Amino acid sequence: MLFDVSLTKGKRIPKSEEFFEALGSLDELNSYIGIIRSERIADSFDENLQEIQKNLMNMNAVIAGASLKFAKAQTLKMEGFIDSWQESLPPLSEFILPGGGQTGAKLHYCRTLSRRAERRVVALHQKHTLPESVLMYVNRLSDFFFVLARLVNHTQKTIEKPWKK
């Protein structure tokens with residue numbers, strides 16, 4: 001099936017193209033965040049996740065060619081949360097296994113989904129120039145989910161399991 005999109009200037013492209021891979025990966029991540037938000041999660045974390053969802057929707061619109069701007073300030077705000085949360089966590093001296101409690105494990109999965117979405121967005125950017133602010137934001141998402149997973153696990157007193165060879 002073919003679809004018209006602004007990014008391709010009205011050309012019809014197959015749904016297997018990088019464009020749809022990028023949009024689909026961001027949408028998949030957004031949907032999984034919705035699953036996490038449907039569970040009991042602290043209000044402050046829920047607000048952060050809801051903001052991420054809105055930003056993902058805005059990024060999809062920008063990638064699709066909408067006349068929206070995606071502000072660099074969104075990345076700076078996210079980085080502020082990452083830095084603040086890391087201060088309250090024990091430092092890591094070794095790799096940890098993804099997991100923990102239910103929510104922590106799901107946030108680790110979001111980290112992997114965000115990495116895949118980043119690869120798809122970067123691949124699209126190689127053919128169709130995307131705004132730098134979109135690339136910066138999608139690059140920092142995996143760190144956001146990693147630190148949030150650790151924070152949720154720490155808050156729930158779930159011990160992180162180190163990776164051993």
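Just so you know, all these numbers are worked out from the coordinates, no wet-lab data involved. Note that the coordinates shown come from a computational prediction; the quantities given were computed from them, not determined experimentally. Positions of Cβ are backbone-derived with ideal geometry, glycine not excepted, and every protein chain shown enters the neighbour counts.
Hydrodynamic radius of the stretch 21-165 by the Kirkwood approach over all distinct alpha-carbon pairs: 15.7 Å.
Compared with the dominant principal axis of the Cα atoms in the chain, helix 43-63 is inclined by about 20°.
The amide H of I96, built 1.01 Å from its N in the peptide plane, has W163 as neighbours under 5 Å, considering only residues 5 or more places off or on other chains. Could you bin all the Cα-Cα distances of the stretch 119-165 into 10 Å bins starting at 0 and give me the percent of pairs in each, rounded to whole numbers? So the P(r) values, bin by bin, are 22, 33, 22, 19, 4. Label reach from K72 (point 7 Å along Cα→C-beta): in the stretch 125-142, amide nitrogens under 14 Å belong to 131-137. Computed across the stretch 67-145, the Kirkwood hydrodynamic radius from all distinct Cα-Cα pairs reaches 14.1 Å. Between the helical axis of 72-87 and the longest alpha-carbon principal axis of the chain there is an angle of about 10 degrees. Calculate how steeply helix 18-37 sits against the longest principal axis of the alpha-carbon atoms of the chain, using the helix alpha-carbon long axis, and give the answer as 0 to 90 degrees to the nearest 10. In the chain, helix 18-37 runs at an angle near 40 degrees to the longest axis.
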